[in-house]
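Have a look at the structure below, then the notes.
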Amino acid sequence: MSAPRRGRATWALATLLAFGSAAAQPLRSDVVHWWTSGSEAAAVRALAEAYQGAGGRWRDLAVTSAEQAREIARTRIAAGNPPLAAQFNLSSEFTELARQGRLQPLDDVAAQAHWAQVLPPALLDALRIDGHVYGAPLSIHMPVWLWSSTAALRRAGIAREPRSMDELFAALDRLQAAGLVPLAHGGQPWQDLHLFTAVLLNQGGRTLYLQALQQRSAAAWQGDAMRRVLLSFKRLRRYVDAASPGRDWNDSTALLISGRAGLQFMGDWAKGEFAQAGLQAGRDYGCTPGLAADAPYVVDGDVFVFPKGADPAAQRLLARVVTAPDTQLAFSARKGSVPVRMDLDLRSLDPCARLGAERLRDPGRLVANIEHLLPPARHRALERVISDYWNREQPVERVQQALVQALQDPDRRQP
């Protein structure tokens, strides 16, 4: 997944492009997505250039919010003016669109390109809905890597990245004592939920994660283990800077790039920002997919969906191009993601991507992302409660009860 940023001005412009000219000429070559940071824009160019080189027409329709980009795609589909393709995550929302009969199946493309042999089984299973393949996979992301600034750690006298929650808090204390921003965090609801997810995985572990989010167990949410996770999450609040509220994720990453901050929990799309700045993994920054060697690994990712009503031949060409080996390598190098194909030479990838690819080959540590486990309403309710807890002083027991209620009755507002 890429980061779901908000941006009203860009959304308004995109809406005008989406609907204002539709009566004059259907925009059948539009590709709707939310990749707008510097590294993301560079990655999109790799896709567009490859597609145009194969004879396709690409009209870029970029929106800074994932939610708004998906809404534009859904509205245009319903209005009979679908885009050529639209970015979605591996989520219940993607599944719902396919089951409504709104998307072109890609069974022929998948068979011809041998997706069953070259894609990770977990990824192909997520793309296959009721026996048919929908969506062309673009990237595999893990949304809660721990990133570190080598310069900041050195200045604080920290020899290595943290490998446990205890080491994490010790490192944050030392960074704070050195006058640095210990934890670069953007105080937006989706980022608050990402940070909570990082603590849940690294402290609570795989079993608690699945009990709470896949099984939606009230006992798991109300138990002592979850209470300790929530308290650790809230404890992190003291290590963020005053400018944290509302900050975009890439601006937080910029604090690490400049050496003003030490650590950041963020998806591996952050790596693209380091690359854009000319920094090298292992030399200028560190990347840790989990604090412990056996930490769970969240499987997330981006796909292009192809609505019915657009040019099916152009859609199949785009699906073939974006999943081709050369395109995947070029896109992943700029985006910071792990390629979707398992038949590529990992030696061409940077150390972080190689580490991610290795973790993907261990099915025992893999878990689905929250968007795939929860329907949109419950996902939004969970995000709301977690962000509210991050920003307000509340008894942890009340928050536990609110989380149970949010997953049972997502439309009910918590006090």
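So, in region 163-210, how many residues would count as being farther than 30 Å from Ser65 by Cβ and either among the acidic types (Asp, Glu) or within 20 Å of the chain's Cα centre (by Cα) (or both)?
Residues flagged as farther than 30 Å from Ser65 by Cβ and either among the acidic types (Asp, Glu) or within 20 Å of the chain's Cα centre (by Cα) (or both) within region 163-210 amount to 5.
Does region 369-382 include one or more residues that are within 28 Å of Ala50 (Cα to Cα) and either modelled with pLDDT of 95 or more or not in a strand (DSSP E or B) (or both)?
So far as region 369-382 goes, no, none of its residues is within 28 Å of Ala50 (Cα to Cα) and either modelled with pLDDT of 95 or more or not in a strand (DSSP E or B) (or both).
So which residues in region 308-352 are farther than 17 Å from Trp58 by Cβ, in contact with a strand residue (DSSP E or B) (Cβ under 7 Å, 6 or more places away or on another chain) and part of a loop (DSSP other than H, G, I, E, B), if there are any at all?
Ser337, Val340, Asp350, listed by residue number.
Condition check: under 17 Å from the mean Cα position of the chain (by Cα), outside the structural domain of Pro83 (by TED's automatic domain parsing) and of a type in the set (D, E, K, R). Does Arg380 satisfy that?
On the way: under 17 Å from the mean Cα position of the chain (by Cα): yes; outside the structural domain of Pro83 (by TED's automatic domain parsing): yes; of a type in the set (D, E, K, R): yes.
In short, yes.
Quick test of your reading of the structure: Glu273 fulfils all but one of (1) under 30 Å from Gly364 (Cα atoms); (2) modelled with pLDDT under 95. Name the failing condition by number.
Of (1) under 30 Å from Gly364 (Cα atoms); (2) modelled with pLDDT under 95, only one is false for Glu273: (1).
What pairs come up if the first residue lies in region 358-375 and is assigned by TED's automatic domain parsing to the domain that holds Gly290 and surrounded by fewer than 16 Cβ atoms within 10 Å (Cβ to Cβ), the second is at pLDDT 90 or above and not in a loop (DSSP other than H, G, I, E, B), and their beta carbons are under 7 Å apart, counting only those six or more places apart or on different chains?
Listed by first residue and then by second, the contacts come to nothing, as the list is empty.
Confirm whether Thr323 is of a type in the set (Ser, Thr, Tyr), touching a helix residue (DSSP H, G or I) at 6+ places or on another chain (Cβ under 8 Å) and in contact (Cβ under 8 Å) with a residue 24 or more places away in the chain.
Details: of a type in the set (Ser, Thr, Tyr): yes; touching a helix residue (DSSP H, G or I) at 6+ places or on another chain (Cβ under 8 Å): yes; in contact (Cβ under 8 Å) with a residue 24 or more places away in the chain: yes.
So Thr323 fits the description; yes.
Based on what the data block shows, is Arg70 under 13 Å from Phe304 (Cα atoms) and buried (at least 24 other Cβ atoms within 10 Å of the Cβ)?
Values: under 13 Å from Phe304 (Cα atoms): yes; buried (at least 24 other Cβ atoms within 10 Å of the Cβ): yes.
Criteria met by Arg70.
Suppose the filter is assigned by TED's automatic domain parsing to the domain that holds Leu90, within 30 Å of Arg238 (Cα to Cα) and either surrounded by 23 or more Cβ atoms within 10 Å (Cβ to Cβ) or over 17 Å from the mean Cα position of the chain (by Cα) (or both); does Gly336 pass it?
Taking the combined requirement at face value, the residue satisfies it.
Does Thr253 meet the test of being under 18 Å from the mean Cα position of the chain (by Cα), more than 30 Å from Ala116 (Cβ to Cβ) and surrounded by fewer than 24 Cβ atoms within 10 Å (Cβ to Cβ)?
Against the criterion (under 18 Å from the mean Cα position of the chain (by Cα), more than 30 Å from Ala116 (Cβ to Cβ) and surrounded by fewer than 24 Cβ atoms within 10 Å (Cβ to Cβ)), Thr253 does not qualify.
Which ranges mark the helices (runs of 4 or more DSSP H) fully within region 61-135 that have 2 or more residues being in contact with a helix residue (DSSP H, G or I) (Cβ under 7 Å, 6 or more places away or on another chain) and farther than 28 Å from Asp362 by Cβ?
In region 61-135, the matching helices (runs of 4 or more DSSP H) lie at 66-78.
Being of a type in the set (D, E, K, R) and in contact with a Pro (Cβ under 8 Å, 6 or more places away or on another chain) is the filter; apply it to region 167-208 and report the residue that is surrounded by the most Cβ atoms within 10 Å (Cβ to Cβ).
Here the residue is Arg206.
Within region 211-250, restricting attention to residues that are acidic (Asp, Glu) and buried (at least 16 other Cβ atoms within 10 Å of the Cβ), which residue is nearest to the chain's Cα centre (by Cα)?
Ranking the qualifying residues of region 211-250, first place goes to Asp248.
Answer yes if at least one residue in region 196-209 is in a helix (DSSP H, G or I), of a type in the set (Val, Ile, Thr) and either in contact with a Leu (Cβ under 7 Å, 6 or more places away or on another chain) or touching a residue at least 40 places away in the same chain (Cβ under 8 Å) (or both), and no otherwise.
yes
The values are calculated or read from the model by the stated rules, or taken from the named source; none is laboratory data. Given the structure is predicted, the values throughout are model-derived calculations rather than measurements. FYI the Cβ positions are ideal-geometry reconstructions off the backbone, even for glycines, and counts take in every protein chain you see.
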